[in-house]
Structures are given as C-alpha cells and as structure tokens.
1. Out of B:H146, B:H139, which single residue is over 25 Å from B:V52 (Cα atoms), touching a Leu at 6+ places or on another chain (Cβ under 9 Å) and surrounded by fewer than 22 Cβ atoms within 10 Å (Cβ to Cβ)?
2. Touching a strand residue (DSSP E or B) at 6+ places or on another chain (Cβ under 9 Å) and either assigned to a helix (DSSP H, G or I) or surrounded by 20 or more Cβ atoms within 10 Å (Cβ to Cβ) (or both): is that true of A:A320 in this structure?
3. Does region B:455-464 contain any residue that is under 11 Å from B:W524 (Cα atoms) and either under 27 Å from the mean Cα position of the chain (by Cα) or of a type outside the set (F, W, Y) (or both)?
4. From A:E166, A:E157, A:E201, which residue is surrounded by fewer than 17 Cβ atoms within 10 Å (Cβ to Cβ) and within 24 Å of A:A289 (Cα to Cα)?
5. Considering every residue within region B:112-129, establish whether at least one is closer than 16 Å to B:A160 by Cβ, touching a residue at least 60 places away in the same chain (Cβ under 8 Å) and among the charged types (D, E, K, R).
6. Within region A:239-263, work out how many residues are assigned to a loop (DSSP other than H, G, I, E, B), more than 12 Å from chain B (Cβ to nearest Cβ) and without any contact (Cβ under 8 Å) to a residue 40 or more places away in the chain.
7. When region A:396-407 is examined, which residues are found to be closer than 18 Å to A:Y361 by Cβ and of a type in the set (G, A, S)?
8. Take the conditions at pLDDT below 95, in contact with a Pro (Cβ under 9 Å, 6 or more places away or on another chain), within 23 Å of B:F412 (Cα to Cα) and within 14 Å of another protein chain (Cβ to nearest Cβ) and apply them to A:G222. Does it pass?
2 protein chains.
Amino acid sequence: MNYQPRPDDVRLLLDTVLGAAPRLRALAPFAEFDETLQAQVLDEAGRFVAEVVAPLNRAGDEIGCRFEGGAVTTPPGFREAYRGLADGGWLALSAASEHGGQALPAVLEAVLFEWLNAANHGFTMAPALLHGAYECLRHHGSPDLHERYLSKIASGESLATMCLTEAHAGSDLGQVRTRAVPHPDGSVRVSGGKIFISGGEHDLTPNIVHLVLCRLPEAPPGPKGLSLALVPKLLPDGARNAAHCERIEEKMGLHGSPTCVMRFDEATGWLVGEPHRGLAAMFVMMNAARLHVALQAIGLLDAAWQKADAYAAERRQMRAPGPAPASRGAEAADLIGEHPAIRRILQTQRAWIDGMRLLAYRSALQLDVARHDADPARRQRAERWCALVTPVLKAACTQQAFDGASACLQVFGGHGYVREWGIEQVVRDARITMIYEGTNEIQAIDLVQRKLLPDGGAGMAAVLIELRDELDASREQDADVQRRFAQLRYLGTTLLQAAQRDPSLPFEVADDYLRTVALAMLAWSWARIAQTAPDDARWRAPAAAFQRFVLPEFEMRLGMVKRACDAVLVPPPAASAEAN
Amino acid sequence: MNYQPRPDDVRLLLDTVLGAAPRLRALAPFAEFDETLQAQVLDEAGRFVAEVVAPLNRAGDEIGCRFEGGAVTTPPGFREAYRGLADGGWLALSAASEHGGQALPAVLEAVLFEWLNAANHGFTMAPALLHGAYECLRHHGSPDLHERYLSKIASGESLATMCLTEAHAGSDLGQVRTRAVPHPDGSVRVSGGKIFISGGEHDLTPNIVHLVLCRLPEAPPGPKGLSLALVPKLLPDGARNAAHCERIEEKMGLHGSPTCVMRFDEATGWLVGEPHRGLAAMFVMMNAARLHVALQAIGLLDAAWQKADAYAAERRQMRAPGPAPASRGAEAADLIGEHPAIRRILQTQRAWIDGMRLLAYRSALQLDVARHDADPARRQRAERWCALVTPVLKAACTQQAFDGASACLQVFGGHGYVREWGIEQVVRDARITMIYEGTNEIQAIDLVQRKLLPDGGAGMAAVLIELRDELDASREQDADVQRRFAQLRYLGTTLLQAAQRDPSLPFEVADDYLRTVALAMLAWSWARIAQTAPDDARWRAPAAAFQRFVLPEFEMRLGMVKRACDAVLVPPPAASAEAN
C-alpha cells in the first residue's frame, strides 16, 4: 500500500494541542491565518502527496536513478511529479511573496514535507534542499545573486545542492580542500571533488545551483578558512559550467535520490557571504535542515506503521490469548493485530510518531516565531528552543525511524523481508537519516558541548520551564513529567560539575543525555495530548504504550549518565579499604 | 575487508573459560579429544573460511542468485566453494562415522558454522540445513530412507531443505494445506505450494532432498494432523520428480541464498516418522537449528565489528577530547577510534559478541552432552538447558546482530550507507535472523508459555543454579550476578502468580522477560570471563562496556515485567479514593 496522509491526526496536534493558528496570527505576516486556511492547505497537500507522489515510491526503489555519460535519469514519473510540485506552488509555500512564494507558515511546510518524505523519501530529497538554499542565499547572497537565483530557487525552477563533504572530510568539515581562486571579474574558479551530493545531477530541472564549501588562497586552516560559493550547472549565458557528476553511489536504500560524486574543474562561481565565513552562511539553515530530517524520520516511521497496521488487520495466524476478540467470527485463526506482541509493536510506534510529531510541529512553530515575531526577546527564546531541541529531535526521531520501521517489518514475519509489501524499503531508506545532516553522535555532542554546558545549563532550564508552564500540576501525569524535568535539570548540574573534573566525560555520556531529554520531552507530549485528545482508542492505546514500553528508558539513561558522573565526582574507596 | 576468523578469541572461551576438552573427554565418543586436536580443527577451519568462503560474500550480494526456466544459478564461485566444503569433510564434522562423518563434537561444528556465516551468510544457508535434515532422518526415517539418503546428506553429496511455510501458514503451521496421498507402493504423492524455501533449487548438488510438512487424507485439523514427507528432486531411478521452483524472492538481503517458491504436483515422497507426527519429527532438530541461528547472528555481528574496528583504526576526523592519544603523532585529526562515541560502539558490540559466544558455545557443549552422556540424568539436564536457553539466545543474539551491525555501520558515517565497505550488506543480511526459525516474538512466547510457566519455574531455577555454581561469591562481580539471578527467580514466581489471574499477561511481557534472562546470562558470561581472561585491553575494554552500556537494561526490563505483574496482582486504589 502507498502512504496516505491523515490530516485529522495532524490537526488534532496543531489545533487542539498546540493552538497553532492563534499563535501564528500573533505574527504580522500571518495575521489573516486561520484554521480554515490551514485545513484547506493540508487537505490539498494530502491529496497531492497521496495521488501523485506516493505511487512512485516503489519504482524509485526498484528502478532507481540511472547514470550514463555524466547524466542522471530519475525514476519513471519523478519528472512529472516534480513539475506538479513546483507548478502547484508547494515548493514556495513558506517563501516570501516578493520571491514568488506563498508566505505561509513554516509549520505547514513542515507537515507537507513530513508527508512527502513518508510517501517517497527518495523523490523528496532534492526538493527538500531548496528551503535551505533559499534561506542561505536570501541572508548571505549579493543583490546580484538574489536577482539571478532567488526566485528560481524559491519556486523550484532550479534545484539546489549543498556540496560539503569530501572523501576525507565528513563530520570534520575543517579538512575541506576544494579551492576557490578569485577571478578579476569578481567571480571565483572552483576546483575540487565532493562526495555524497544529493541531487548533484538529475533531469528534474534544467539548471542546478550548487552551494560549495571551499577554501580561498591563503585561507587559514580548519573550519575558519572555509568560504561558500554558488556554482551553477549552467552559466548565466547558458553555457555548461565545469561542474560534473562523475558517478552515483550504490546505496543501502534511497535509490530514488541520486547521490553524486561531483568534480569541479575551475568551475565559475560567486562567493555567498564573506570570505572565510562559509560555515556561518551555512549554519543559517542548520536548524531548519535538521528539523527537516526529524520530520523525514517521523514520516518514514508513519509510513512503516501504516503498512504494518494494515497487514495486522488482514493477516490471520493462530488464536490470540484471552477472551475471543470480536474480529474472530467463524475464523480458526485471529488477526495478528489481536496478538499482544503485535499490538505492542503497533501501539509503541504510534506513541513515538504522535509524541515526536507534537514536538516537531512545536519546533516548526518556533521557526515561524524566530523569523517573524516583532519582539526580539520572543525571537530569541524561539531561537534558543530551536538550538536546543533540534539536535534532540534529529537524533531521537531518526534512531526511532530505523528501529521502529524494523519493528514494523517484524509484524510481517517472513513477508516483511521480501520486497512485496514495501516495508523493507522503509527500513533501508530510513537508515540514512541517522547519518546525514550530522550523525546522531554529532547531534549528541552538539547538544551537550555547545548547547547545554556553555551557559551552565541555563538555556536547557529555560526550555524545560517553558514546557512545564504548559502542564497542569493538578494532573498526576503532568506532575510526573514535572518531576522528570526536575531530575533532568539536576542531571545537567551534575554533568556540569563532572565535566569540570573530566572534560572527556560529556562526550562519553552525550548519547544517553540526549535520550534522557528526548524521553522527558515525549512524556510532555503525551501529557499534553492526554489533556486534550478525545478519550478513544486512537489516542488511549498509544498513550498507554508510551508509559509502559517507551518511558522506562528514561530512568535507565538517567542512571547511566548519573553513574558516569558519580564515578568522576565521588572518589572510589581506597584500594586498601577494598582489600579488607 | 573479508571476514577473518580469530581462533585465539574462540580458544580462550572454549579452553580457559569453559574447559571444553576435559568436559568432552567425559563423553565416550570423544574420549580421545584434546586441545591439540581442537586447535588443529579450528585453525584449518579458519583458513578454509578466510581463503575460500569469505572472498565470495560480496558477489553473493551484488550478483546474487539467478532464476531462469525453473533453474537457479548460484553466485560465481559458490559451486567450487561448496565442493571444497563437502570434500574437506566439513559438512560431516559431527555426523556419525558409520555415515561417513568425522564424529567430532557439536561444539566445534558450532564454531565452524559461526565463522562460515560471518564470512558469507548467503552461502552458508543451504549447507546449514544439512545437520537438521540428518538428525531428523536419522531419528525418524525408515531403514530404507537411511540406506538411500543418510550418508549423502551427512556428506553433503545431496543438500536438503525444510519445506514448512505456506503463503497463509507462517508462524501458524497448523494451517498447512499441502496434501500427501498414500500410494499403493508405500510412497505418497505430495501436492501443494510452499514459500520461503531456502535452497529449494540450486546448482550446488545434483539432487536436493526436501522435507515437506504435509497433511494426509482425513488427518485431524491443526498441528496434530501434520505429517512429514521426504521428497527428492531426483527420484531413485534418476527421473525428475514433480517438485519445482516457481520463482525466487527479491529480498532485503541474503541474496546469495535462493529463497524459493516451491510447487509440488503429485510429487513422489515417503513419510518420515509416523503419520500425523510430522511436527514431532521436526522438533528433534529445533533446538540445534535455533542455536545455529544464534550463531549466525553472533558471526554476523563479529563480521560487522571487524569492519568497523578496521575502519576506526584508519579513518581520521577531528581531534578526540582528552589527552593526546599516542596515535595522533603529527596528524591534525585523530583516528575516529579515539573518539568516545566510536569507542563505545566498538566496545559494546565486542561485549555482546564475546558474552553471547560463551553462552552459545556452552549450549553447543550441552548438545554434545545431551547426545552422548552415559548418564540419563545428565542428558536430561543438558536437554533442559537447551530447551530453556535456546530461545533466549536465538532472540537476543539476532536482535543484537541487527542493532549492533547498524551501530557498526554508524562508525562509517556516510561511507557506511554505500556499498563500498560492505557493512550495509551485513545489516541487510542480519535482519532475517530475527524472523526465521520462529520469529523473536515466538521465541519469547515459547520461553514463557512452554518453558517457564508449565513447571512453575523449576527448570529455569535449575538452569540458574547450575550457572550460579560456576560463580565465585567472594568476587564482587560474581555476587552481583547471583543477586540478579535471585531477582530473576523472584520475577518468575511473580509472573506465575500474575499469569493465574490474567492468562494473557505472559504474552504481553514475554519479550521483556526474555531480555531480562538474556542480560543476566550475559552478566554471568562476563563474570566468568573476568575470572579467567588475561588482564589486557582486549578483554578489559568490552568487560567495562558491558557493565556500563549493556547491563543497565536488566533493571529496566525487570521493572517493566514487575509493574505489569503488579498491575494484575495489586488491585488499583478505588476510584473514589483517587478522586479525593
């Protein structure tokens, strides 16, 4: 079965739990925004995704992209679907109207891209890079580059890439060697090799705009010597630039997206932003891009869940324990969905999807606030939220997308391991999300080393207080979440002290700390949903599964971090005492 | 890199920790067995695996098996390697000498097959079915079938299959519909379709012996009406039997092994064992087959670990925190193996591999005892061990093979997601082990419903006492394991009580209960290794990682089972009291 967006699930979170529309109306550009407009956009988006994009997912995997003579042919139907996406204005949903955009909130774009990814991850890779390129160029590009490229990127007339990684420089971008030599006419000549370039070459748009991390002559070594250059595939006069795809990678999954090895041979480009400030220019889009990966992950897990849920409602094997389920009828065997082991898988994954969605949508709303609020203090608070919560969501959602898709595969038994049902594709596709846009280990280190420790835990405390204020302490579940937040703040203090004694320690416990934060925030999600969601099985079952099967990891991770800190803070008993 | 067996790692567990050779010498057939013979066999096996089998793994995945006109062509080199395996006597390692076997202990065969699977899972699938077929036929086949097939199966001159699953009957074999109609000459005519038949057709051996689960006319419905028939591809007169492969599956991985859809059209066969007692005939080999899957999983995880370990020792990215590592030298970036996040992954997976290996080898030794001990009480104890520990190992090892291989993939960053390094193949191949030979959910239910509860926990208690007696309570680590065993026994009692109130409950907590047992047993492994292993980084690092990163899950799972039981055993406070 193909992915089917379910706007009702999303609306409950956006409207009932988050009150998105009134919050958005407080921002000048969205003064007219209301639930009706939101519903229209989501319904139409859902239809487009279901009817046009989702049916191409299987061919994207099985036929994949073909590379021949430097050109990439995308899978059957991708060109037409991309045309529909661009022509329908979907790519310019949140772009400014002066660049031809629809100036709608980022949170709607978040939902759209979650669905697109759920329906067809490979197809969505190239278009998903547009928003980052748009924001980057908008903030750092010269008026001349704006004039030539901004509207084209906003609308999707040209697609864009991010050319960062080199064979020897992955997580460590400071090692980038690609050179940019200034030319008398103000342009640069870019030379070097890049790898893992999603959409580096394809047949979706005539032109492709590469944003290339490179090094000017005499640039200081390391990350502070990196510049960013815009290198188009076709030059303004229509001539072919010296930016070429050498081959595409054979990958575990994501076959619908060409992952290109790129070669720049004195290709013509123009600097974006200041010399040696290339990383800063790119970091503009970092939080949005990482949130996007979290949304990919949520979408993929929902896609896996839909498949498993449908299969569990039609496949019969053995009698389920306990009283006869209504679905038994005259059948000798029960639906596998009636078996506790299968029910547990489905409800647990549902708990992750709904809980993470709420946090991801709340983050997307904060992106809107950070961009548009009139009050600098509120903008700053929103930015703080994004800085702290984005790495948590990126790592936790993508880990769960892979683990949860694998759990959903398990629902199919042997049928899950063969191509037929498409579930194994989701597992293969999802695996990359744990790696790109900064591996999950890098996210955890970012959270602890750059976000938690430098301000002594103040930012994290502020985020937790903000969340706490939306809880109702008179409810037992909410009070439980508040207790966990208190434990988390205390843990931060302990970690701070331990890090002073042993600066390596935060690196050792970063993964566990991130999980602790993620699980506490998910507990917040489910407390908020419990306050407002209808009291029916749709929401009650995952709520119960969350408490029973997901939340216990919180104590485990908390204990792991605490013990590691204690080992540094509390000196072990003297060896002689132990010997006695 | 290709997998490289490391006999030293294995010998430490077999000799130093388990004292395998003296234990084996106590069994009549192995009275002459000693460490020298063991070392010779392992060294030779290691060479064969490394030189002949491992180099074919990549082609097995990339080229895979081809199906054309009913015939299956295995990947390049597989035929020659199979010939070497059979000619070298490796397939008949533990078979009886009267059938041309080498009459060596099952525990050596276990090590051989762990290595074969690590080196080339796809290649090893078909040969791995021989032992089960041999044992099944040996115990249940008529003298006539022995005469015709037993030596051929022992030596690998003919390969064998297990034809169980049908499209509608997977975990629920009671639904099998394939028919067997008696023929006046004492044979049967078998008709029906089977799916997921590993090695159902191939070019490795001229003949293939299918063991087919089927139903005689007027057989009772359900599992008690199943019979087992031997259906050869070639009849004794050399004619082609009506047993045909209709297609092979497209799978997530394991492309080196043809997974066949089989069609039997009044194919000639002969019953193995009594009519309607087909499941019993097959259950003979169940524990050995499931232990084999656990060994596959251990092998695959070791293969993933070797790749990641090698990569971490050559790839440099960023400076590691803490004091400069010796490997830094004049380099700007450190080896990624010096980074805490990568070190953690490698040491944690090593902890799983070594700990599980010890348990798996101990189980294989118990298979030898169960088969050969002169004392019926000791045989029975060994059988009890196998019955209880096998589902635990099957589920825990295979889950870890997949999760751990994925963690090893993460070490490579983006390079792990592309084919080049072969690590993504391990992840794809490993996924099936969680499904076949009974899904991991079925293993957990088997453990709780069939092994733990029926005797009131007595068998489990006996196994734990046996393990406890090998600990040294004067050591703090050993005492800690004993405490966990005590918790486990108490948990069993609680579960027993709760199951009386709510018979569905064991099904709901079976997965968590199994994990609790697995982790306690792994803790035993590491206590035993700590008693005896050399005090060097090779063993100290995974020992520490086990305590820090693996064992905390024990308390988490224990708590999950306990709370579920308490919810049944302790009535919730009255609603009115809560309202106050």
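The values are calculated or read from the model by the stated rules, or taken from the named source; none is laboratory data. Because the structure is a prediction, the values reported are computed rather than measured. Don't worry about glycine lacking a Cβ; one is built from the backbone with ideal geometry, like all the others, and counts go over all protein chains shown.
1. B:H146
2. Taking the combined requirement at face value, the residue satisfies it.
3. yes
4. Every option except A:E157 fails the conditions.
5. No; the residues of region B:112-129 include none that is closer than 16 Å to B:A160 by Cβ, touching a residue at least 60 places away in the same chain (Cβ under 8 Å) and among the charged types (D, E, K, R).
6. So the count comes out to 3.
7. Across region A:396-407, the qualifying residues are A:A396, A:A401.
8. In short, no.
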